[in-house]
1. If you plug each phi of the stretch 157-164 into the Karplus form 6.51 cos²θ - 1.76 cosθ + 1.60 with θ = phi - 60°, what whole-Hz ³J(HN,Hα) values come out, in order, with x for Gly and Pro?
2. Over the chain, what percent of the accessible surface lies on carbon and sulfur atoms, probe 1.4 Å?
3. How long, wide and thick is the stretch 78-134, going by the Cα atoms along their three principal axes, in whole angstroms, largest first?
4. Averaging sequence separations of C-alpha pairs under 8 Å and six or more residues apart, then dividing by the length of the chain, give the relative contact order as a whole percent.
5. Ignoring ligands, DNA and RNA, what accessible area per residue does the chain give at 1.4 Å, in Å²?
6. Positive end of the dipole of the chain, charges at C-beta (+1 Lys, Arg; -1 Asp, Glu), about the Cα centre: which of Val187, Thr12, Thr118 has its Cα farthest in that direction?
7. List every residue whose amide H lies under 5 Å from the amide H of Leu93, counting only residues 5 or more places away in sequence or on a different chain, with H placed 1.01 Å from N in the peptide plane.
8. Which residue fluctuates the most in the chain, going by a Gaussian network model with Cα springs under 10 Å, if the choices are Leu85, Leu154, Leu93?
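The values are calculated or read from the model by the stated rules, or taken from the named source; none is laboratory data. All values derive from a computational prediction rather than experimental measurement. Backbone-built Cβ (ideal geometry, glycine too); neighbour counts: all protein chains shown. Side chains are part of the model used for accessible areas, which takes the heavy atoms of the whole protein and leaves out ligands, DNA and RNA. Shrake-Rupley method; radii C 1.70, N 1.55, O 1.52, S 1.80 Å.
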Amino acid sequence: SGARDTAGNLMTPTSWTFTTASATQPPPTCPCSIWPSTAAPAGGPDTDTGSVEVGTRFRSDVAGTVTGVRFYKQTGNTGTHVGRLWTATGTLLGTVTFSSETASGWQQATFATPIPITAGTTYVVSYLAPVGHYSADAGFFANSGVDRAPLHALGDGVDGPNGVYRYGTGGAFPTDSFQSTNYWVDVVLQTS
């Protein structure tokens, strides 16, 4: 009432209704992973033949349980692969050995007991590539991470480097980083 246009003409009284969305979004449908099953490395496997633990730093928007570990396997990445979940400071939360692997593509192993995680907390998911030839895309995490809610692979520097590794045969906590490389290690999260 009383509104006028730029020429001074009185606006005809009008009314309307509208509905706003809830501020709380429904929880995502899980199990969830950072990368969809269609995602794949840009290049071939690394030529490195050393035994190395490679991993990804990640966070979840919601509390849940980590039920498994995934990694993308390429030619030459043979041997017994062991997946691990760690706190950001290196406390080992769980270990699982991969079995019934295919020659290439995404491999997945399920923990005997799901591991609870806290929303907004950084964790590291990793696996041992006993003869190297792991998937590696250099520079992947240099400028940003991967956001696939509720999971986030952190960009380099958000909470330390991302694309982490450590050489050895015993499954040591991966703390080294080289050129923000994505080693294509993933987590499986259940939110309910």
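1. Calculated HN-Hα couplings, in order: x, 5, 8, x, x, 10, x, 10 Hz.
2. The C+S portion of the solvent-accessible surface of the chain is 53 percent.
3. Answer, in whole Å and largest first: 35, 22, 17 Å.
4. 33
5. Numbers: 9740 Å² over 192 residues.
Heavy-atom SASA per residue in the chain reads 51 Å².
6. Thr12
7. The answer is Leu85, Trp86, Thr87.
8. Sorting by GNM fluctuation, first place goes to Leu93.
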